[in-house]
Each structure stands twice: as structure tokens, then as C-alpha cells.
1. How many of the residues in the range 158-210 are in a strand (DSSP E or B) and at pLDDT below 95?
2. How do the pairs read when you match residues in the range 240-261 that are free of Cβ contacts under 8 Å to residues at least 24 places away in the same chain with residues anywhere that are surrounded by fewer than 22 Cβ atoms within 10 Å (Cβ to Cβ) and assigned to a loop (DSSP other than H, G, I, E, B), using Cβ under 6 Å and keeping only pairs 6 or more apart or on different chains?
3. When the residues of the range 92-113 are narrowed to those that are within 13 Å of the ligand (Cβ to nearest atom), open to solvent by less than 40 Å² (accessible area, probe 1.4 Å) and assigned to a loop (DSSP other than H, G, I, E, B), which ends up farthest from MET44 (Cα to Cα)?
4. Quick one: which residue in VAL220, VAL230, VAL226 is among the aliphatic types (A, V, I, L, M) and in contact with a Cys (Cβ under 6 Å, 6 or more places away or on another chain)?
5. So, in the range 67-91, of the ones that are surrounded by 14 or more Cβ atoms within 10 Å (Cβ to Cβ) and of a type in the set (Ser, Thr, Tyr), which residue ends up farthest from the ligand (Cβ to nearest atom)?
6. Does the range 226-247 include one or more residues that are open to solvent by 10 Å² or more (accessible area, probe 1.4 Å), farther than 23 Å from VAL156 by Cα and assigned to a loop (DSSP other than H, G, I, E, B)?
7. Failed condition for VAL145, given (1) touching a residue at least 60 places away in the same chain (Cβ under 8 Å); (2) assigned to a loop (DSSP other than H, G, I, E, B); (3) more than 10 Å from the ligand (Cβ to nearest atom), with all others met?
8. When you scan the range 275-291, how many residues do you find that are at pLDDT below 95 and open to solvent by 70 Å² or more (accessible area, probe 1.4 Å)?
Amino acid sequence: MRYSDAIRSEQELEELLSTPSPALIEMMKRLDGDLMILGIAGKMGLTMGRRAARAIELAGVKKKVVGVSRFSKPADREKLEAWGIETIPCDLLDREQVRKLPRVANVVFMAGRKFGTDGSEELTWAMNTLVPGNVVEHFKASRIVAFSTGCVYPLVGPETGGCTEAVLPAPVGEYSQSCLGRERIFQHGAKAFGTKVLLFRLNYAIDLRYGVLHDIARQVWNNEPVTDSVGHFNVIWQGDANDAALRSLELAASPAAVLNVTGPETASLRSIAEQLGKLMGREVRYAHDGFGSGSCYLNNAAKMADLFGYPSVPLARMIRWQAEWFKNGGSSLGKPTHFEVNNGKF
Ligand SMILES: NC(=O)c1ccc[n+]([C@@H]2O[C@H](COP(=O)([O-])OP(=O)(O)OC[C@H]3O[C@@H](n4cnc5c(N)ncnc54)[C@H](OP(=O)(O)O)[C@@H]3O)[C@@H](O)[C@H]2O)c1
């Protein structure tokens, strides 16, 4: 696929974020049954729903895409319906409401809670462990791709090459611990009911309106000191992450499979801030010395690349797109990632 040098509107961005890969279109020809996305009305879910619907159409097959969320913003529901996605409002914390959802063969689970954990730990634990319990019990006969996070791993330095799936989880702080709890509940379902599960350990999706590059670029653009507590991180274009999530339905297994999902590059905060500064014509200042600590969330995505190939958008292009986005007055979701947190307090 040939990409342009800049993405100039939300419409263009959403179009790109929802363009399915040829491999996903092929998979839709093989996959049996309908698809349900739980927690669809989030930063990733909307364009994932549209990507799935477009892949199904291009595959020339008949299957439904059903999106489930509370739909806190009614406009999201209208958008999804306009893209051909059936929507069902449901609070996944309520077991009775979950029990009324139609059963489908394929489920992508994306609902979760991160920010605001500090001080409301009980709600984070409920969202990240009770909800998976409700879901895996109701959808025990389905394939489930359950979104997780690289935050279940220990913090490591870039010299390690990042944590592979073989590294034992050692979550720091209650948010990360509750995410391991979420994985354990799905693993239990996979063992107890034979449910086919894949745990999708994602590190930082990039969509220009939010994400790690957005957070750094915003500070550079506004001539603010760049927050530099973390020296390195991994990112992946959100379109590639969502494509991988849908393709991972075929990898769901019992006992549960695990897949790290991120880009192949180990990104250096300082190098990226300097590149953004150059592209945006800004001098870069740092909160400290710009090198950051060696305690980072780094995922090794070698297995993903082996299974699916390298992501379609390399880091250098994401950096250029992000710089152009700010220069062209592009919008922001106003949702910082807090990628700079490495003490477990979200
Ligand atoms: N984005 C990333 O870079 C990233 C990185 C690592 C891991 N992840 C994980 O990947 C998943 C998807 O990411 P995201 O950024 O799209 O998350 P998100 O923006 O938080 O979206 C999740 C959506 O789930 C819905 N939801 C929350 N509580 C619900 C409930 N009780 N019942 C039904 N729906 C509920 C919400 O929509 P309503 O308010 O409409 O219900 C929310 O917008 C999350 O679990 C996240 O932790 C994301």
C-alpha cells in the first residue's frame, strides 16, 4: 500500500485506520460465524469495527459485526451504525445484561479501565477482573481475543531487547496487577470451559489524535519541556494493531495463547523528540536531561512479526505524520497515554 506524506483530516485518518490488509480479507473468507467487539466505543474499537466490516464486504462473505459498549457518547453509536455495524448498549459490569447478549463465534474484548486507578482501585479491579469473568462465562463457546497490555511485564532496559512472551509477568502497581488478573480470569475460562482465548499484550497504539507520539509532539509544538522520565518505548500504528487483533482470532487456543503486539523498533524518547522538533521547526527542551530512566515497558514483538509480517507503517513515517498533524492543526482526543509512568501509579 502507498501512503501519502501527511494525513490532513479525521476523515482521511479514519479511512486509513480502517483499511483492512489483504491477509485480513482472506481470513474473513475462512472465519466461521459473526463477530462481536466488546468495549467498541473506545479509541481503538471504532475503527476496528469499521475495518472488520470493510474486510467482510471485500471478502464477499456474509457475517455481522456487532459492537457493544455503554455508548457514553451517543454519536459513537450513530457513527458505527452508519458504517454498517449493529450496536447493542450494555454495561459489561452487569452480569444480567451480559447474559442477554447474543452469542457469537468470535469476540474481541476491549473494555478496560486504566486512568483514575489511583484512589479508585476497586473499580479498576472490578472492570479488569469481574467483567472478564462475566464475558468468558457467557461466551465460553466462542473464540476470544482479549486485549491486554505490556504493563503485565517487569520494567526493563533497552539492552534486554524487550520482554518476550516467555518472560514471567511481574506487574508494578494496581492497574498492571489488575491487568494480570484479567489475563488470569481468561486463562481460567480457557482451561475450565475449553474456551479458545488469545491474550493480546499491546504496547501503545498510534492514531495521531492520541498516543505516545502525540503526547511528545504536543509538548514540542507548544514549546513545553518534554516529559522524559522514560527513555525508551515501543509503538505500533493503530491500524496494524487492529488488523493483528482481528487476525489473532485464528490463533485463539485452549490453554490460552499469548501474543505481544507492538512495532519492531525500540524507540528512544530523545531521538524522537529531536526528530519532531526538526520537522516542526521547534527547539526541544526536556524536563530533565532528555535521557530518561532505563526502567521501561518494552515488548519484544518478534513472534508477531514472524506470524503476521512486519507492521505496514514504520516508525519514521508515524513520526512524519504526527509532526504534519500538529502543523496542520489536527485535533486531539485530550487523552494522554501517561507512557512516562514507570512507578505503577495511573
Ligand atoms: N490504546 C492503547 O494504546 C492501548 C495500549 C495497551 C492496552 N490497551 C488496551 O486495549 C483496550 C482498548 O484500548 P482503547 O484505548 O480503545 O480503550 P478505551 O478507549 O478505554 O476504550 C474502551 C471502551 O470500553 C467501553 N467500556 C468501558 N467500560 C465499559 C462497561 N462497563 N461496559 C461496556 N463498555 C465499557 C468504553 O466505552 P463506553 O463508555 O461507551 O462504554 C470505552 O470507551 C483497552 O483494554 C486498553 O487497556 C490499549
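1. Filtering the range 158-210 down to residues in a strand (DSSP E or B) leaves 163, 196-202, 205-206.
Then keep just the ones that are at pLDDT below 95; that gives none.
Counting residues in the range 158-210 that are in a strand (DSSP E or B) and at pLDDT below 95 gives 0.
2. none
3. Only one residue fits best here, namely LEU101.
4. On the way: VAL220 fails: in contact with a Cys (Cβ under 6 Å, 6 or more places away or on another chain); VAL226 fails: in contact with a Cys (Cβ under 6 Å, 6 or more places away or on another chain).
The conditions single out VAL230.
5. Within the range 67-91, the match that is farthest from the ligand (Cβ to nearest atom) is THR87.
6. no
7. For VAL145, the failing item is (2).
8. Summing the residues that are at pLDDT below 95 and open to solvent by 70 Å² or more (accessible area, probe 1.4 Å) in the range 275-291 gives 3.
The values are calculated or read from the model by the stated rules, or taken from the named source; none is laboratory data. In this text the structure is predicted, and so the values were computed from the model without any measurement. As a convention, Cβ positions derive from the backbone with ideal geometry for all residues, glycine included, and neighbour counts pool all protein chains shown. Side chains are part of the model used for accessible areas, which takes the heavy atoms of the whole protein and leaves out ligands, DNA and RNA. Shrake-Rupley method; radii C 1.70, N 1.55, O 1.52, S 1.80 Å.
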